[in-house]
Structure formats: structure tokens, C-alpha cells
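Q: Quick one: the structure is below, questions incoming.
Where a number appears in this text, it was derived from the coordinates with a stated rule and is not lab data. All values reported here derive from a predicted model rather than from experimental measurement. Glycine also receives a Cβ, built like all others from the backbone with ideal geometry; neighbour counts cover every protein chain displayed.
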Amino acid sequence: MNSVIEEISKIGIVPVIALDDAKDAEPLAKALCEGGLPCAEVTFRTAAAEDSIRIMAEKFPEMLVGAGTVLTTEQVDRAVNAGAKFIVSPGLNPKVVAYCTSKNIPIVPGCANPSDIEQALELGLEVVKFFPAEAAGGLNMIKAMSAPYTSVKFMPTGGINANNLIDYLNFGKIVACGGSWMVSKDMVSAGEFDKIAKLTNEAVTKMLGFELRHIGINESDEASADKTADMFNIFGFDKKVGNSSIFAGSAIEVMKAPYLGKNGHIAIGTNYIERAVYHLEKRGVEFDKETEKRDAKGNLKAIYIKGEFGGFAVHLVQK
């Protein structure tokens, strides 16, 4: 998969924005970055699109800025020259796709049926936009189409919101979702950039779905761990013995030998651990890569944050 598309996948949500005035580009980009989404698909539906992309790309080089609603090769050139790192189109225009691929410009064209997907495959694409997502059959349609096209992944846009975001992202063939619920034109026109930052942060928080999974207690040996786990039985927490620890219920893990953390560890569950690592690193959090745990397929299952907090190590775990 293209490196730009891989980063979009880690971001998870692509804000789709249409700006009528380029003066709004800088404060909007600032709000998106502060809210935790350093990404934007600026649609070419307005005359301000090109200048808006240029301003965002120059003022916020850490952002992944792309151009949407691109219909012609001339628009591709204008968008890329302005600083766009990827192109999105509502439909699949073979001429535009071929032009982008010949120049190694990542493009995600709209596909709404199997014939579109077969054209995309013929043109060498791995990821397509599914548009308009809800109107074209939503998640059920994507699942049905993905069955015969096992190598294709989707970026649905159109009707995606806070209520159905997780349903879409939970399907493994979806790399990210495009949406505009956190960046409505009315909010931009009213200059409500603080509200946009807040809604953006809420979208990221909902996507990652952090929650306390369990607390680990360090003990010196198996006998001590067994005794501590037994104590929690007074609360009705059934004991489950594992190789390196003993669980009391699902919320207490007693280690048979000390591990990371002076006192133990705290496990925080997340919906999407790879995305969580990406977003937390953007906030300055450092992870201990040597503590990674992966499954047989190479998928990340757990990883520790560097350092201790109140004598406890903290690690993320995939729900």
C-alpha cells in the first residue's frame, strides 16, 4: 500500500472540507491539528480550493493535505502544485487515474459498483473511495462487494458520522472514513474554530475508544500471586491461572514475577491499537517498541508506554 494511504489508514478519519474563502484555511487547519486530525481533503468545488491547499500545506507541513472532487488532469496539476499529497475523486475517470499513477500521485477514485472496482483493479489500484456511502448501500454494500474482490480496500465517504463511524471502521477492508460532521460549512463561515477543534477531538476519542481494561499487580512469586488473587474472590472475582499471571475476574491481573512498573501496570484498551499508537505519538507519547506483542499474523496486540506513572507502567491492548 502507498505510504500516504498507509498514513491515512493510521489517522482513520479524513475531514472533508469545502472552503469558500481561503482566509479560513489557516485557522481551520490549526483547529484540525489541535483536535487530533492532521489531515484534510479539500474539495475542488470552490474557487478557494487551490489557495486553501497551498496555505494549509505551507503553514502546517505536518498535515496530510489532499484534494477532493478532482475531475480533470488540469485540477490534479493545480492541486499537487499547491501542495496536495493525495487526490480523491467522486467517480472513476480512467484518464485522471492513469495520469496520477503515471506520476506516482496517490489517487482514491470513487467506486459504487463491481464494474467500477474492476476498472480500478485494471488501473493498478488497491484502495478506492466508496461514494456516496450511505446512499449507495452503506456498510452492507461494501461487505458484499469486498467478497469477490479480496485485495481491494475502501475509504467510504458520504453519510458517515459519529453514530456509524465505528461500524464502518470495524470492517477490516476499510482503511479510513471521510466525513464532514466535525467541519460543517456553517461552523467555518461562523468562525467557530474552537467548536471544530472540540468536535474533531471528540471524533478521535470515539474512534480510539480508550477504556480501562485491567490493573496488574506485581508479586514476587507464584505463591504470593495466588494468595493475592484469592483475596479478590471475596468480591466474586473468579480466579483464572495463566502462564505468567493470575487473573481475578477480568479487571485484576496478579503477576507471578515482577514485570514493568514498580507496583505493576495499568492496561488501557483501544478499538484500534495501531491508530492509537499513531495518534498518541503525535501528542508526544513515547512507546517502548521492545515490549510489542503481536499475533501470528503480525498484528499488534499490546505495547507499553515508556516510563512509570505513580509506580505503574501503562500499556495499550487491542480490545
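Q: Report the antiparallel proportion of the DSSP beta bridges in the chain as a percent, rounded to a multiple of 5.
A: Values: 21 of 53 bridges.
Percentage antiparallel, nearest 5: 40.
Q: What are the lysines whose alpha-carbon lies under 21 Å from the alpha-carbon of K297, with same-chain residues fewer than 8 places away excluded?
A: Reachable lysines: K10, K153, K173, K289, K319.
Q: Additional query: Which entries in the list K239/K262; K59/K129; K30/K185; K23/K59 go over 18 Å, if you measure between the two C-alpha atoms of each?
A: Going by Cα-Cα distance, K239/K262; K59/K129 fall outside the 18 Å limit.
Q: Take every Cα pair under 8 Å in the range 211-318 that's 6+ residues apart, average their separations, divide by the length, and report that relative contact order as a whole percent.
A: It rounds to 27 percent for the range 211-318.
Q: Also: Using a 10 Å cut-off on Cβ atoms, rank the peptides 82-89, 181-188, 248-255 from the highest mean neighbour count down.
A: Per-residue mean Cβ counts within 10 Å order the peptides as 82-89, 248-255, 181-188.
Q: Using the Cα atoms of the chain to build a convex hull, what is its mean projected area in square nanometres? Numbers along the way, then the final one.
A: Working: hull surface 73.8 nm².
Taking the Cα atoms of the chain, their convex hull projects to 18.5 nm² on average.
Q: Considering only C-alpha atoms, what is the centroid distance from the range 38-60 to the range 279-299, in Å?
A: 32
Q: For G110, what residues show an amide H to amide H distance below 5 Å, using hydrogens built from the backbone and excluding near sequence neighbours?
A: S89, G91, L92, K129
Q: Which aspartates and glutamates have a Cα lying under 15 Å from the Cα of K293, excluding residues fewer than 8 positions away in the same chain?
A: List returned: E274.
Q: For helix 222-231, report the angle its Cα long axis makes with the longest principal axis of the Cα atoms of the chain; keep it between 0 and 90° and round to the nearest 10°.
A: Value to nearest ten degrees: 80.
Q: Run the reach check for K103 against lysines, Cα to Cα strictly under 18 Å, same-chain hits fewer than 8 apart removed. What comes back?
A: Reachable lysines: K85, K95.
Q: To continue, here is another question. Just from the alpha-carbon atoms, what are the Rg and Dmax of the range 181-319 in angstroms?
A: 19.0, 65
Q: Given H placed on each backbone N at 1.01 Å, which residues far from I252 in sequence or on other chains put an amide H within less than 5 Å of it?
A: I215
Q: Using the Karplus equation 6.51 cos²θ - 1.76 cosθ + 1.60 (θ = phi - 60°), what ³J(HN,Hα) coupling, rounded to whole Hz, does each residue of the range 233-241 give in order, writing x for Gly and Pro?
A: Here the 3J(HN,Hα) series is 5, 5, 9, x, 7, 5, 8, 9, 8 Hz.
Q: Moving on. I'd like to know how the range 102-171 sits against the 2.2 N^0.38 Å rule of thumb: what's its Cα Rg over that expected value? Provide the component values of the computation, followed by the final result.
A: Working: Rg = 12.0 Å, N = 70, 2.2 N^0.38 = 11.1 Å.
Ratio of Rg to 2.2 N^0.38 Å for the range 102-171: 1.09.
Q: Moving on to the next point. If contacts are Cα pairs under 8 angstrom and at least 6 residues apart, what is the relative contact order of the range 259-319 in percent?
A: 47
Q: Expressed as a rounded percentage, what relative contact order does the range 129-171 have, with Cα pairs under 8 Å and six or more residues apart?
A: Numbers: 32 pairs, mean separation 23.0, N = 43.
Once divided by the residue count of the range 129-171, the mean separation gives 53 percent.
Q: Report Rg (one decimal) and Dmax (nearest whole number) for the range 32-132, counting Cα atoms only, units Å.
A: So, for the range 32-132, Rg and Dmax equal 13.5, 40 Å respectively.
Q: Give me a comma-separated list of calculated 3J(HN,Hα) values for the range 39-51, in order, Karplus coefficients 6.51, -1.76, 1.60 applied at θ = phi - 60°, integers in Hz, x for any Gly or Pro.
A: 7, 7, 10, 8, 6, 8, 7, 10, 5, 8, 4, 4, 5
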